[in-house]
Each structure stands twice: as C-alpha cells, then as structure tokens.
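Visitor: Here it is, the structure in full.
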Amino acid sequence: MENNFKVTGLSFKSTPIEVREKLALDETQAKELMQFINNNTAATDILILSTCNRTEIYYNLGTDLNNEIATGLALIKGVKKDVVASYLSCIAENHDAVKHLFNVSMGLDAQVVGDIQISNQVKKAYQWSADENSAGPFLHRLMHTIFYANKRVVQETSFRDGAASVSYATKELIEDITTEIANPKILILGLGEIGQDVCRNFVGSKKDIVIANRTTEKAETLGAECGFPTMGFESALTSLSSFDVIVSSVAKNEPTITKESVSQIEILTPKFFIDLSVPRSIEMTIEDVPGALLYNIDNIQSKASETLNKRIAAVPDVENIINESLVDFEDWSKEMIVSPTIKKLKGALENIRQEEIQRYLKDASSDEAKVVDTVTKSMMQKIMKLPVLQLKAACKRGEAETLIDVLNDLFDLDKQSEPSK
C-alpha cells in the first residue's frame with residue numbers, strides 16, 4: 001500500500017482561540033465530517049482530532065483535500081467557507097504526517113508540554129473513526145503503535161509526571177487539600193480561559209463543583225458542557241460559607257473577596273481559597289481570619305514550572321521512543337506493499353496443489369488423501385518461506401518492486417484467481 005497519509009487542520013500555533021472554538025468539533029460533528037469526506041472523496045484511514053488547541057483531519061489519499069474539508073467544516077459549523085479556508089492548511093504529508101500524529105499524541109506538540117489529556121482525546125478520536133468504519137489497516141496499525149509508544153513514555157520516562165499547567169496544577173492542589181474532607185464542595189468563581197480550563201479538568205470527577213460568572217450565559221454554557229450546576233455571581237459571593245474550596249479567577253482591578261467578607265463567615269473547618277487572578281482577586285490578609293488558607297498564582301505556577309522543567313528534560317527520551325516506534329511502523333508499512341503479491345503467490349501455489357491432488361488422488365482412500373494433503377501443505381509452506389523473507393528484505397532495501405515484477409512474471413500472478421475449493 002502506498003503511503004499518502006496527510007494531515008490538514010489548524011492549531012493554537014497559528015489560529016486564535018476565537019476561531020478555534022468556532023471550528024471545534026464534538027463527537028456528533030466529527031462523525032458528520034467523516035461521513036462528508038467518505039461520501040465526497042475516495043479518502044481512507046480518516047481520523048479527526050478536535051480539542052481546545054487544535055482541529056486536525058488525518059486521511060490517506062494521493063490528492064489534497066483542503067477544499068473539501070473546508071466545505072464540510074463550513075457546512076457543519078455554520079461558518080463561511082472562506083473564513084475556514086483562511087486558517088485551514090495541509091500541515092504535513094507521508095512520513096512527516098505520521099510523525100506529527102506521534103508528536104501530538106505524546107504531548108510534544110501541546111501548548112503545555114506533556115499534556116496528559118491529549119492521550120485520551122486521541123483514543124476518543126480513534127474510537128469515532130472505528131465507529132464510522134473510517135479506519136483501515138494503515139490507521140489501525142498506526143494507532144496501536146502510538147498507544148504502545150505512549151505506554152513506554154509513561155513507564156520509561158518522567159515526561160508525564162506532575163502538573164505542568166496552572167489549571168491542572170490547581171486541580172491537583174484541590175485533590176491534595178481535600179483528601180480529609182468527605183464530599184468537598186468547590187466553587188469556581190470567574191470563567192475566563194483559566195477558569196474554564198480548571199472546570200474542564202474536573203469533568204468526570206466525583207467532586208461537588210459549582211460554577212459562577214458575572215455573565216450568566218457563559219456560566220450556563222460551560223455548566224452544560226461540563227455537567228456542573230451554576231449560580232449567580234453575587235449569590236456565590238454571599239454563599240462562600242457553603243463551600244470548602246473557593247477558586248477565584250475573576251478579572252478585576254480590586255479584590256472580589258476581602259478580609260472583611262471572609263471574617264463574616266463562621267469557619268468551623270479549614271476553608272481554602274485559591275487565587276488565580278492577576279491582579280489578585282482575593283486579599284492576602286484573609287489569612288488573618290482563623291481557618292482561612294490562601295494559595296495564589298505564584299504558588300501554583302511554581303509547582304507547574306518545576307514539573308515543566310522535568311518534562312522538558314525528558315523530551316529527548318520521548319523522541320527516542322517515537323523514533324524507534326516510527327522505524328517499526330514504517331517497516332510494517334513497507335511490507336504492506338508486498339502483501340498482495342504474497343497473497344497471489346500463495347494462491348498460485350495452492351491452485352497447483354489442488355489441481356495435482358485432484359488429478360492423482362481420484363482412487364485414493366481417505367487416509368491416503370489426508371497424508372498427501374498434509375505433506376503437500378507442508379511443502380508449500382516451505383516453498384513460500386524464502387520468497388516471503390526475500391520480499392520483506394527487499395522492502396527494507398527499497399527494492400521490493402523489482403522482486404514483485406519477477407514473481408509476477410514467473411507465476412503470471414496478475415491473472416491469478418482465488419484458490420480452488
């Protein structure tokens with residue numbers, strides 16, 4: 001099989017978030033786009049990966065599908081095609097496209113190096129492809145090679161250790177400080193980019209999360225996405241006593257939570273405040289109130305930066321694993337070129353075997369026929385062994401086409417039909 005693997009899309013590197021969010025695809029929309037590509041092109045091995053940082057479409061085809069993909073995205077998302085086309089581009093082809101998917105899947109190409117969420121997002125994208133029968137042998141093999149490489153990265157390197165983003169470091173901090181609290185209640189106040197990321201990091205968690213934002217519609221939209229209840233912004237400020245952890249990422253030039261407001265709360269057990277805002281939205285002096293504990297952005301960033309440095313140091317180890325996996329995958333991919341020839345050769349020999357058995361065993365007993373059948377099958381397998389090994393070796397040398405032509409001529413393989421039954 002000739003490798004015409006390509007990836008077309010957009011990412012945080014060249015596309016602003018206001019465009020990325022308009023072109024982000026959920027499961028239903030990703031499957032609709034796969035159906036559109038299947039119905040309007042001859043592409044195979046289609047994979048659609050859509051996250052907050054990228055929307056990328058992978059496929060196998062000799063020609064470029066940028067125009068068709070732009071058309072499909074515009075229809076599904078209700079956006080003008082020229083807007084989609086202005087950001088959409090062919091990111092890589094063939095070997096480079098395969099390597100790009102490896103890098104994305106491992107987290108090397110993420111906004112936060114080593115992002116632990118991307119692995120699950122890639123698995124979901126592969127499942128969607130399988131659901132739509134859009135994954136062929138090439139993609140199946142590629143994805144399983146990537147999953148095995150990812151397992152090696154986790155087991156053999158420190159690349160995925162700890163929290164390397166402020167939002168995920170915040171989630172880890174909350175997990176740590178609430179270990180002794182039964183069913184902790186957490187308020188996320190303010191839903192800018194970092195507040196949204198904190199919410200998304202808690203999707204699937206058993207924590208009791210409530211979100212609030214000055215713009216009610218924004219809170220309700222994110223609440224519906226994440227499955228969290230919402231409350232009015234002012235109501236949240238007057239209900240701080242109901243929560244064990246308050247995360248504030250409110251954009252304001254003066255504190256939203258003050259020492260005065262906290263001192264009016266009856267604090268019977270420790271109450272944790274996490275301030276992710278710059279300028280700060282929680283007065284530092286709230287720690288003068290007994291039971292109030294404050295963490296600020298510097299505490300969180302320090303933890304994230306330390307982990308990020310460790311991850312960056314582990315990048316060469318990750319790249320070595322990727323390169324080893326690429327060699328294995330490309331060896332398999334080259335061998336796929338000779339697979340049809342091997343199948344035809346096996347068919348040719350099987351036809352000869354069947355014809356001769358029918359000619360000479362007309363009067364043989366069932367026991368005699370069984371012995372001959374076993375012996376001739378064994379002979380055929382031994383005859384096949386050397387050509388198969390030579391074909392695979394020729395693949396690695398880049399000389400497969402010459403040997404394929406020789407075998408085709410010797411056995412007239414192009415005219416071969418299925419073996420006789």
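Visitor: Could you tell me whether residue 304 is open to solvent by less than 40 Å² (accessible area, probe 1.4 Å) and more than 30 Å from residue 156 (Cβ to Cβ)? Outline the logic, then answer.
Guide: Working: open to solvent by less than 40 Å² (accessible area, probe 1.4 Å): yes; more than 30 Å from residue 156 (Cβ to Cβ): no.
No: the conditions fail for residue 304.
Visitor: Inside segment 59-80, can you point out the residues that are open to solvent by 20 Å² or more (accessible area, probe 1.4 Å) and either in a strand (DSSP E or B) or small (Gly, Ala, Ser) (or both)?
Guide: Within segment 59-80, the first condition is being open to solvent by 20 Å² or more (accessible area, probe 1.4 Å), and the residues that meet it are 61-64, 66-68, 71, 75-80.
Across segment 59-80, the qualifying residues are 62, 78.
Visitor: Same structure again: Can you give me the number of residues within segment 1-58 that are assigned to a loop (DSSP other than H, G, I, E, B) and either under 30 Å from residue 339 (Cβ atoms) or open to solvent by less than 40 Å² (accessible area, probe 1.4 Å) (or both)?
Guide: Initial filter on segment 1-58 (assigned to a loop (DSSP other than H, G, I, E, B)): 1-4, 12-16, 24-26, 41-43, 51-53.
Now drop any that are not either under 30 Å from residue 339 (Cβ atoms) or open to solvent by less than 40 Å² (accessible area, probe 1.4 Å) (or both), which leaves 1-4, 15, 24-25, 41-43, 51, 53.
Number of matching residues: 12.
For (1) within 29 Å of the chain's Cα centre (by Cα); (2) surrounded by fewer than 19 Cβ atoms within 10 Å (Cβ to Cβ), each residue gets a yes or a no:
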{"position": "189", "(1), (2)": "no, no"}
{"position": "193", "(1), (2)": "yes, yes"}
{"position": "197", "(1), (2)": "yes, no"}
{"position": "207", "(1), (2)": "yes, yes"}
{"position": "212", "(1), (2)": "no, no"}
{"position": "221", "(1), (2)": "yes, yes"}
{"position": "228", "(1), (2)": "yes, no"}
{"position": "246", "(1), (2)": "no, no"}
{"position": "249", "(1), (2)": "yes, no"}
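Visitor: Now for a different question. Which ones in segment 11-37 are at pLDDT 95 or above and either charged (D, E, K, R) or over 14 Å from residue 75 (Cα atoms) (or both)?
Guide: 31, 32
Visitor: Take the residues in segment 347-378 that are among the polar types (S, T, N, Q) and open to solvent by 90 Å² or more (accessible area, probe 1.4 Å), then tell me which one is nearest to the chain's Cα centre (by Cα).
Guide: To start, the set of residues in segment 347-378 that are among the polar types (S, T, N, Q) comprises 351, 354, 358, 365-366, 374, 376, 378.
Still in the list and also open to solvent by 90 Å² or more (accessible area, probe 1.4 Å): 358, 366.
Numbers: 358: 54, 366: 56 Å.
For segment 347-378, the residue satisfying everything is 358.
Visitor: Among the residues of segment 124-153, count how many are over 19 Å from residue 97 (Cβ atoms) and either open to solvent by less than 10 Å² (accessible area, probe 1.4 Å) or of a type in the set (Lys, Arg) (or both).
Guide: Qualifying residue count, segment 124-153: 4.
Visitor: Moving on to the next point. Look through segment 223-251, keep the residues that are touching a Ser or Thr at 6+ places or on another chain (Cβ under 6 Å) and touching a residue at least 24 places away in the same chain (Cβ under 8 Å), and return whichever of them is nearest to residue 274 (Cα to Cα). Outline the logic, then answer.
Guide: Let us first name the residues in segment 223-251 that are touching a Ser or Thr at 6+ places or on another chain (Cβ under 6 Å), namely 223, 248-250.
Narrowing further to those that are touching a residue at least 24 places away in the same chain (Cβ under 8 Å): 248-250.
On the way: 248: 6, 249: 9, 250: 11 Å.
Looking at residues that are touching a Ser or Thr at 6+ places or on another chain (Cβ under 6 Å) and touching a residue at least 24 places away in the same chain (Cβ under 8 Å), I get 248.
Visitor: Which of the residues belonging to segment 84-116 are open to solvent by 60 Å² or more (accessible area, probe 1.4 Å), touching a residue at least 24 places away in the same chain (Cβ under 8 Å) and in a helix (DSSP H, G or I)?
Guide: Within segment 84-116, 87, 95, 99 qualify.
Visitor: Looking at segment 277-286 only, could you name the residues that are open to solvent by less than 10 Å² (accessible area, probe 1.4 Å) and either in a strand (DSSP E or B) or within 13 Å of residue 250 (Cβ to Cβ) (or both)? Quick ask: steps written out before the conclusion?
Guide: At the first step, the residues of segment 277-286 found to be open to solvent by less than 10 Å² (accessible area, probe 1.4 Å) are 277, 281-282, 286.
Across segment 277-286, the qualifying residues are 277, 281, 282.
The values are calculated or read from the model by the stated rules, or taken from the named source; none is laboratory data. All of these numbers come straight from a predicted model, not from anything done at the bench. Cβ sites come from the backbone with ideal geometry, for glycine too, and all protein chains shown count toward neighbours. Remember, those area values only see protein heavy atoms, side chains included, never the ligands or the DNA or RNA. Shrake-Rupley method; radii C 1.70, N 1.55, O 1.52, S 1.80 Å.
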